[in-house]
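Peer 1: This is the structure I want to talk about, given as structure tokens.
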Amino acid sequence: MSDLDKTNSGSTPTNFIRNIINKDLESGKRTSVATRFPPEPNGFLHIGHAKSICINFGIAADYQGTCNLRFDDTNPAKEESAYAVAIAKDVQWLGFNWNGEIRHSADYFEKLYSFAEELISKGVAYVCELSMEQMREYRGTLTEVGKNSPFRERCIEDNLGLFKRMRAGEFEDGTIALRAKIDMGSPNINMRDPVIYRIKKAHHIRTGDAWCIYPTYDFTHGISDAIEGITHSLCTLEFEDHRPLYNWFLDNITIDCHPQQIEFSRLNLEHTITSKRKLNQLVVEGIVDGWDDPRMPTISGMRRRGYSPAAIRDFIGRTGVTKKVHTVEMTLLENSVREDLGDKAPRAMVVLKPLKVTITNYPEEKVEEIAAARHPQNESMGTRKIYFSKTLFIDQEDFRESANKKYKRLVQGKAVRLRNAYVITCEDFVKDEQGNIVELLCRYDENTLGKNPEGYKAKGVIHWVSGSHSKLATVRLYDRLFNIANPAAEDNFIDAVNPDCLQIIDNARVELSLVESKPEDVFQFEREGYFCADRYEHERGKLVFNRTVTLRDSWAKIEAKG
RNA sequence: AGCCCUGUAGUGUAGUUGGCAACACACGAGACUUUGACUCUCGUAUCGCUGGUUCGAACCCAGUCGGGGCUUCCA
């Protein structure tokens, strides 16, 4: 949790929810704060959930309150245990600890059933035998009021008996339901006698076959909040119209706690999709390699990409909390990632597209060991050994036969600094039959290790590795999954998938120190970007790195302008 | 169309008793640099629109226009 404090303390900006809580605490309406994160275990958590997690756990932590993790498992047809396991792990990985044991709405099924009986006894709930189609007709539309069900005035005793028979399994799915008796003429459709219990003869991941009737979300959620003593029930905007119903249930049952539901807007991210259905489609159609593919906006995908929990939390903090629909730029996320990794990631040199360089005036068998800083601004991170020899590799992008003055890399006849080593001058180059440059012939200046050359200047600094002291590695260059800002608005979002979202390089040359790296270790490959050793596939004998994010690249902008 | 919510730089937020519109990211210009990185400096808004109240309005009032959500026995 110390990691958490570092990024959040003091810098948490205020928002309308905190303002409400502050007032509640000042007025004495509340004396403590209790929140909850209530996912349905029907899919994997994504960046949108991260917002809800950060808000709920973050507020609880800042007010010395508690935050429960509760699985909202009221629909056995859609829920799976595997999702529940993955969700809990993701929450922990993000750096949060829930209060006590994991809760489940299913744990309250017996209480919920009693509360339903209470509503029936008070004459504000009834068993309705309208079919689903009929119920839809009776409900009316957005502009027309609904009409009362013919079963609405059934007597309390009959309702009680029928409800018991529902529980006993005497009716088939969809034939009968328990409804709240509210107002079929309400302009808020949620108040038009909503269903509170339906028949579902399905196996539940937690209660097994104990029940064949299941409470609906609206009935379950608020009561579960109240049972847990939640003070502020924070949810997304689409539940706004459900708030009157949330309150109605709590006002009509006997319970001594009435949490306040507060809605905030969902997180939308440019170039990203956060619909569970659409993310599933990407997986099913094999467009990505699974829910944890580094291109996915899932928590597990971002983890595999190399985004740290601190970076994700920082990003969420920067997006703020309001009720207005918004779409955040991808650069904001990338900035949080770079800022975090800039401090934490040790530097290393990796050549993605190797171009052989022969130092013509360097002795054949000589090898020099150089101690290179792991971090230019943080000496405490120490040094690693790199090796200089007659045969080196630089990146193909770092050499041109000729170039204008803006090009600060190696050009024939010009000098350049090899990062952490000597200044070299390119004298000649070799082309193959196809005209590709395959080798550079350069001289090195032996008086330039740790000092500037005398009488001339090196134009720039490029990275390199030694031919004899480097290893081959697989490097995956990830780019945004969608080129367009709002793929969700497309008729077919699959068509908007960026064809270049993954480039696999299997002959990258990495400096020797990287052989020691472990899965999930992060690095800055100098002048290229931040990378992490793959969580699953990276091993000592088979190095696999994923690009987390590139470095900011002002040269790309200059070059694009021409 | 009924009900509910929402409009402040390119983007996201702050602006809580009316008093020079703040911050971050992005973008542009420059400095520094053994990473074209980092860091630093400077620049960028007639607060959706119209009218009213006021010495003074992002903020108060009226109207208007735009964006979003709601018609699952989903959550």
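Peer 1: Can you report the number of residues in segment A:58-70 which are touching a residue at least 40 places away in the same chain (Cβ under 8 Å) and surrounded by 21 or more Cβ atoms within 10 Å (Cβ to Cβ)?
Peer 2: 5
Peer 1: Here are some conditions: (1) out of contact with any Cys (no Cβ under 6 Å at 6 or more places or on another chain); (2) part of a helix (DSSP H, G or I). A:TRP291 meets all but one. Which one does it not meet?
Peer 2: Failing condition for A:TRP291: (2).
Peer 1: Would it be correct to say that A:ILE494 is surrounded by fewer than 16 Cβ atoms within 10 Å (Cβ to Cβ), farther than 28 Å from A:ASP553 by Cβ, in contact with a Leu (Cβ under 9 Å, 6 or more places away or on another chain) and in contact (Cβ under 8 Å) with a residue 24 or more places away in the chain?
Peer 2: Here the answer is yes, as A:ILE494 does meet what is asked.
Peer 1: Suppose the filter is crowded, with 21+ Cβ neighbours inside 10 Å and away from RNA strand B (no atom under 11 Å from the Cβ); does A:ILE312 pass it?
Peer 2: It is true that A:ILE312 is crowded, with 21+ Cβ neighbours inside 10 Å and away from RNA strand B (no atom under 11 Å from the Cβ).
Peer 1: Condition (residue is outside any strand (DSSP E or B) and surrounded by fewer than 20 Cβ atoms within 10 Å (Cβ to Cβ)) applied to segment A:473-480: is it met by at least one residue? Spell out the reasoning first.
Peer 2: Going residue by residue through segment A:473-480, those that are outside any strand (DSSP E or B) are A:479-480.
Adding the requirement that they be surrounded by fewer than 20 Cβ atoms within 10 Å (Cβ to Cβ) leaves A:479-480.
The answer is yes; a qualifying residue exists.
Peer 1: Any residue in segment A:175-191 that is within 41 Å of the chain's Cα centre (by Cα) and more than 24 Å from A:PHE239 (Cα to Cα)?
Peer 2: Yes: segment A:175-191 contains one or more residues that are within 41 Å of the chain's Cα centre (by Cα) and more than 24 Å from A:PHE239 (Cα to Cα).
Peer 1: Could you check segment A:341-367 and list, in sequence order, the residues that are in contact (Cβ under 8 Å) with a residue 40 or more places away in the chain and charged (D, E, K, R)?
Peer 2: A:LYS344, A:ARG347, A:LYS353, A:LYS356
Peer 1: Next up: Report yes if A:ILE484 is more than 13 Å from RNA strand B (Cβ to nearest atom), not in a strand (DSSP E or B) and not acidic (Asp, Glu), otherwise no.
Peer 2: Yes; evaluated as a whole, the condition is true for this residue.
Peer 1: Which condition number does A:LEU333 fail, the rest of (1) within 14 Å of the chain's Cα centre (by Cα); (2) in a helix (DSSP H, G or I); (3) more than 12 Å from RNA strand B (Cβ to nearest atom) being met?
Peer 2: Failing condition for A:LEU333: (3).
Peer 1: What residue, among those in segment A:336-373 that are of a type outside the set (A, V, I, L, M) and part of a helix (DSSP H, G or I), is nearest to A:ALA485 (Cα to Cα)?
Peer 2: A:SER336
The numbers here are math on the coordinates, done by the rules we state, and not lab data. What you see is a predicted model, and the numbers here were worked out from it, not measured in a lab. Every residue, glycine as well, gets a Cβ built from its backbone with ideal geometry; the counts of neighbours run over all protein chains shown.
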